[in-house]
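Novice: Please see the structure below; I have some questions.
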Number of protein chains: 2
Amino acid sequence: MKLLEDMILRYGEVRPGNVLKVDSFLNHRIDVKLVEKLGEELYEAFKNDKITKVLTIESSGIAIAMMTALKFGVPMVFAKKRKTINLSDDVYTAPVHSYTNNRDYEVMVSKDYIGKDDVILIVDDFLANGCALRGLIDIAHRAGATVAGAGIAIEKGFQGGGDVLRAEGLKIVSLAIIERMSDDSLEFRR
Amino acid sequence: MKLLEDMILRYGEVRPGNVLKVDSFLNHRIDVKLVEKLGEELYEAFKNDKITKVLTIESSGIAIAMMTALKFGVPMVFAKKRKTINLSDDVYTAPVHSYTNNRDYEVMVSKDYIGKDDVILIVDDFLANGCALRGLIDIAHRAGATVAGAGIAIEKGFQGGGDVLRAEGLKIVSLAIIERMSDDSLEFRR
């Protein structure tokens, strides 16, 4: 999506450790018109997939998931992060390792809000190694739901997580895929 | 707002410790059409206040703030929560005490995304004792910004934080104000 790529080139900042900072428009200060367009693009990509629910993880996935769900006219559920592992009969949980912060946490979705009749579109701001996405897929499958695919704003293609999941058969639509990234250059996949 | 009050009466659950659980439509599973209407109501209430930015706190304020900012056509900024206090020249921070979780945390906004020319509408899902709201007001003022007021989905009127802030001169618009709450009854302010 050219608009998103242009925003990344213009306002994104590459930080040590393969970190791409897009705080100025995507996950701290939110360019709401841009995010509305991201939601429209993800709707176009999945509109024939009979989506019943959009699933994301707090916090930076929420804005994009919100706009996507609004286009579909379906509820949005955001998984909550917890640092401590609590066992409960009321929730589905999955462990996630964050390479960015180098820590483990748990994501949690109440059993009340996802079920076997759901066809789920997972939405997130970033896809890198795919850990968070796998956690959400795992939760959806344990609820008996169908995962129609994943809609991502920015995929770090060079970290490989998206391609491994595609090879496993998952439909992933990423609106910008970064093929190579260094302090002074950034190249998108074509 | 009758629609929100009806949703609270129908789907809200009162839990021990004055907790009102609205996970099923407001802050875990999101009823996107409802939240769109909340944003429209907050826009109507503040549309003459020359708002340049909507400010909220992650995570459960984001969806409402997003829809409100979209109506205004202005950026949305969400403050990030941190458990540890880090001093940095790049961010405004404020300490917040959460009575619900009985813990202290810090909220943080980058200095890049709020400034002296901003007229800020603070948006959040809940207002109870007003601690989080005061933290955001403090951050806005230290940035030299003007706070036009606060738009809240659900105010727990009986906890008093909103009325104290109103007495101090803050414009607060809450779409549902709970005057009394017990296990078997819930009464709204008229």
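Novice: To check my understanding: the extent here is largest minus smallest coordinate of the Cα atoms along each principal axis. What are those three numbers for the stretch A:1-85, in Å, largest first?
Specialist: 40, 39, 19
Novice: Over the stretch A:1-42, what lengths in whole Å, largest first, do the semi-axes of the equivalent ellipsoid take, defined as the square roots of 5 times the eigenvalues of the alpha-carbon gyration tensor? Could you put the intermediate results ahead of the total?
Specialist: Values: eigenvalues 75, 25, 15 Å².
They are 19, 11, 9 Å, listed from largest to smallest.
Novice: Distances from B:Glu13 to the same residue in each other copy, label points 7 Å out along Cα→Cβ, in nm, shortest first?
Specialist: When each copy's label point is compared with this one, the spacings are 4.3 nm.
Novice: Under 8 Å for C-alpha pairs, at least 6 residues apart: give me the relative contact order for the stretch B:1-66, rounded to a whole percent.
Specialist: Rounded, it is 23 percent for the stretch B:1-66.
Novice: Right, here's the next one. Relative contact order for chain A: what is it in percent, counting Cα pairs under 8 Å that are at least 6 residues apart?
Specialist: 18 percent
Novice: Taking the Cα centre as origin and putting +1 on Lys and Arg beta-carbons and -1 on Asp and Glu beta-carbons, what dipole magnitude results for the protein assembly as shown, to the nearest 20 debye?
Specialist: Charge dipole, the protein assembly as shown, about its Cα centre: 40 debye, nearest 20.
Novice: Which one, A:Phe78, A:Val54, A:Ser110, is farthest towards the positive end of the dipole of the stretch A:37-120 when Lys and Arg carry +1 and Asp and Glu -1 on their Cβ?
Specialist: A:Phe78
Novice: If you take the Cα atoms of the stretch B:50-139, find Rg, then find the Kirkwood Rh from the mean of 1/r over all pairs, what is Rg/Rh?
Specialist: On the way: Rg = 12.7 Å, Rh = 13.3 Å.
Rg divided by Rh gives 0.95.
Novice: Charges only on Cβ, +1 for Lys and Arg, -1 for Asp and Glu: so what's the dipole of chain A about the Cα centre, in debye to the nearest 20?
Specialist: The dipole magnitude comes to about 100 debye.
Novice: I need the calculated FRET efficiency for the pair B:Arg142 and B:Asp112, taking r as the beta carbon distance and R₀ as 22 Å, to the nearest 0.05. Walk me through the numbers before you get to the answer.
Specialist: Numbers: r = 14 Å, r/R0 = 0.64.
With a Förster radius of 22 Å, E is 0.95.
Novice: A follow-up question, please. Provide, as a two-decimal number, the C-alpha radius of gyration of chain B over 2.2 N^0.38 Å, N being how many residues it has.
Specialist: Computed over Cα atoms of chain B, the ratio equals 0.98.
Novice: Starting from a label point 7 Å past Cα on the Cβ side, list the distances from A:Asp183 to the same position in the other copies, nm, shortest first.
Specialist: 6.4
Novice: Of A:Lys21, B:Lys156, which has the most accessible area and how do the rest follow, probe 1.4 Å?
Specialist: A:Lys21, B:Lys156
Novice: Helix B:62-72 versus the longest principal axis of chain B: what angle, 0 to 90°, nearest 10, using Cα atoms?
Specialist: Its long axis makes an angle of about 70 degrees.
Novice: Hey, what angle do you get for helix A:32-46 against the long axis of chain A, alpha-carbon based, 0 to 90 degrees rounded to 10?
Specialist: Roughly 60 degrees, rounded to the nearest 10.
Novice: Can you tell me what percent of all Cα-Cα pairs in the protein assembly as shown are more than 28 Å apart?
Specialist: That fraction is 44 percent.
Novice: Which angle between 0 and 90 degrees, to the nearest 10, do you get for helix A:2-11 versus the longest principal axis of chain A when only C-alpha atoms count?
Specialist: Long axis of A:2-11 versus the principal axis of chain A: about 70 degrees.
Novice: In addition: State which entries of A:Lys71/A:Lys116; A:Lys47/B:Lys116; B:Lys2/B:Lys116; B:Lys37/B:Lys116 exceed 32 angstrom in Cα-Cα distance in the structure shown.
Specialist: Check vs 32 Å cut-off fails for A:Lys47/B:Lys116; B:Lys2/B:Lys116.
Novice: Defining the label point at 7 Å along Cα→Cβ, can you sort the distances from A:Pro95 to the same site in each other copy, shortest first, in nm?
Specialist: Listed shortest first, these distances are 3.5 nm.
Novice: For the stretch A:88-164, compute Rg over Rh where Rg is the Cα radius of gyration and Rh is the Kirkwood radius from the inverse mean 1/r over Cα pairs.
Specialist: Values: Rg = 12.8 Å, Rh = 13.1 Å.
Rg/Rh: 0.98.
The values are calculated or read from the model by the stated rules, or taken from the named source; none is laboratory data. As the structure is a computational prediction, the values presented were derived from the model and not from experiment. All Cβ positions, even for glycine, are placed from backbone atoms using ideal geometry, and neighbour counts span all protein chains on display. Heads up: the accessible areas ignore ligands, DNA and RNA and are worked out on the full protein's heavy atoms, side chains in. Shrake-Rupley method; radii C 1.70, N 1.55, O 1.52, S 1.80 Å.
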